[in-house]
Structures are given as C-alpha cells and as structure tokens.
Amino acid sequence: MKTNLKDFVQHLYHEVEDEDKAEEYIDDALPLIGLIVMYFNSLESWLDSILCENFTDRTDSTGLIVLNKMNYYSKLELFKRFSDDFHLCLDEPIECYDALINDLKEAGRLRNLVVHANWEATDEQGYTFVRLKMSKSGMQQEYVQFSRTSLEQIIELIIRTHWSLSKYWEARNEALHGSV
C-alpha cells in the first residue's frame with residue numbers, strides 16, 4: 001500500500017478531482033472491505049475462544065467475563081502473556097509463535113486502517129484519508145492507497161493468520177498433553 005502525506009492547511013479538506021471515478025473505485029472496494037471485516041471478526045472470535053480455554057476448558061463463562069469489553073489489542077496482549085508463560089515450561093517455544101504474534105498485530109493494524117478510513121474522502125487514484133498525523137513539524141493528512149490487490153492481501157493475511165492461530169493452538173495442546 002502506498003502512502004501519501006499532505007500538509008494540513010487551515011481546514012481538513014480532501015481534494016477529489018473526479019468524483020465519479022472515486023465513487024467507482026469505492027464501489028469496487030466495498031465487497032473487499034466487507035470481507036476484511038467478516039474474516040477479521042472470525043479471527044478475533046477464535047482468539048476469544050482460545051483465551052476462554054486458557055481459563056478453563058469446562059465453560060467459556062469465566063473467560064467471557066474477563067474478555068468483556070476488551071479490545072483486540074488487549075486480548076492479543078493477554079494471549080501473548082499466557083503463551084509466553086506456557087513457553088517457559090518448554091525446552092523451545094513453538095516454532096510458529098513469533099511469526100504468529102507479528103501476523104496477529106499486523107492483521108489488527110491493517111483492519112483498523114481499513115475500517116476507520118474515511119472512505120468518502122477517497123480520490124480517483126484510490127488514496128483514502130486514514131488519519132491526521134501530528135508532530136513537532138506540524139500536522140499532515142495521511143492517505144493510503146487501498147488497491148484491489150492490497151485489500152486482497154489484507155484478506156489473505158487475516159485468513160492465513162486465523163489458520164496459523166489454529167495450528168499454534170494444536171501444537172500448544174499437543175505439547176501440553178504430551179508433557180503430562
């Protein structure tokens with residue numbers, strides 16, 4: 001994904017020269033945005049289930065009480081703490097663990113970019129306003145170009161991460177039951 005920064009000048013304004021072309025771009029992107037939301041929600045739900053099982057495998061109730069109103073990154077940090085603690089009992093951490101944590105973080109970051117983007121501020125080249133960046137040197141408007149390919153890559157990352165989380169959980173359970 002390409003990024004474009006524009007200096008903020010007095011008012012938050014998004015220049016769109018060809019509104020018809022921009023609208024056509026958004027119409028093409030909408031189904032992919034929906035898939036990103038759907039697959040990410042499935043990934044987060046699976047993470048919830050895994051976290052609930054960390055508390056007890058008899059009921060999800062205890063875990064759901066803890067997870068209630070937690071955001072994705074808080075759940076991810078809790079999962080990481082449980083997993084890091086579990087890995088202390090192993091001779092070596094489960095092979096795919098570090099990559100899994102990175103992918104879980106990246107999936108969350110990209111999903112947030114997509115769902116919090118101001119899609120009505122998309123120009124004819126597909127650059128969409130995502131945030132206002134503030135620094136010592138001033139404010140800049142950040143735009144990301146969500147191409148069809150980049151949106152499909154986000155979907156693939158989320159699906160692959162869901163699969164990797166399942167494989168990790170299987171390997172974790174094998175290590176746990178094999179060491180008893």
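The values are calculated or read from the model by the stated rules, or taken from the named source; none is laboratory data. Since the structure is predicted, the reported quantities are computational estimates derived from the model, not experimental observations. Here the Cβ is made from the backbone with ideal geometry for all residues, glycine too, and neighbour counts use every protein chain on show. Side chains are part of the model used for accessible areas, which takes the heavy atoms of the whole protein and leaves out ligands, DNA and RNA. Shrake-Rupley method; radii C 1.70, N 1.55, O 1.52, S 1.80 Å.
State the percentage of accessible surface on the range 42-142 attributable to carbon and sulfur atoms; use a 1.4 Å probe and exclude ligands, DNA and RNA. Please list the in-between numbers first.
Numbers: 2800 of 5950 Å².
Using a 1.4 Å probe with all protein chains present, the range 42-142 comes out at 47 percent carbon and sulfur.
I need the P(r) histogram for the range 46-113: all alpha carbon pairs, bin width 5 Å from 0 out to the longest distance, whole percents.
3, 15, 25, 23, 18, 12, 3, 0
Residue separation times 0.36 nm, minus the C-alpha to C-alpha distance between D57 and E19: what's the value? Walk me through the numbers before you get to the answer.
Numbers: separation 38, 0.36 × 38 = 13.68 nm, distance 5.35 nm.
Once the chain is fully extended between D57 and E19, it gains 8.3 nm.
With a bin width of 5 angstrom, please list the P(r) values of the range 59-150 as percents of all Cα-Cα pairs, from the 0 bin to the one holding the largest distance.
Reading upward from the zero bin: 2, 10, 14, 15, 14, 14, 11, 9, 7, 3, 1.
Enter the angle in degrees (range 0 to 90, nearest 10) between the Cα long axis of helix 72-87 and the first principal axis of the Cα atoms of the chain, meaning the one along which they spread out most.
Rounded to the nearest ten degrees, it is 30.
Using alpha carbons only, what's the Rg to Rh ratio of the range 1-145 with Rh from Kirkwood?
Working: Rg = 19.9 Å, Rh = 18.1 Å.
Across the range 1-145, the Cα-based Rg/Rh ratio is 1.10.
Quickly rank 50-56, 68-74 as a protection proxy: mean count of other C-beta atoms within 10 Å, highest first. Intermediate results must be reported in sequence, preceding the final value.
Numbers: 50-56: 17.0, 68-74: 11.1.
The most tightly packed comes first, giving 50-56, 68-74.
Once each part is reduced to its C-alpha centroid, what is the distance from the range 19-91 to the range 133-180 in angstrom?
10
Would you mind checking the tilt of helix 97-116 against the longest principal axis of the Cα atoms of the chain, expressed as 0 to 90 degrees and rounded to 10?
For helix 97-116, the angle is close to 30 degrees.
Please go through the range 90-153 and write out the GluC sites (Glu not before Pro) that DSSP classes as loop and that have at most 11 other C-beta atoms within 10 Å.
Hits after loop and neighbour filter: E95.
If you consider only alpha-carbon coordinates, what radius of gyration and Dmax does the range 101-180 have, in Å?
18.2, 60
Charges at C-beta only: +1 for Lys and Arg, -1 for Asp and Glu. How large is the resulting dipole of the range 22-175 about its Cα centre, in Debye rounded to 20? Before the final figure, lay out the partial values.
Working: 15 positive and 26 negative charges, 119 e Å.
Value, rounded to 20: 580 debye.
Round to the nearest 10 and report in Å² the accessible area of D98, as given by a 1.4 Å probe over the protein chains' heavy atoms.
100
Taking Cα atoms, how many degrees apart are the long axis of helix 19-55 and the longest axis of the chain, rounded to 10 and kept between 0 and 90?
Roughly 20 degrees between the two axes.
Which value, in Å² rounded to 10, gives the accessible area of F82 with a 1.4 Å probe and all protein chains present?
60
To the nearest 20 Debye, how big is the dipole of the range 70-160 about its Cα centre, given +1 on the beta carbon of each Lys and Arg and -1 on that of each Asp and Glu?
On the way: 11 positive and 15 negative charges, 96 e Å.
Charge dipole, the range 70-160, about its Cα centre: 460 debye, nearest 20.
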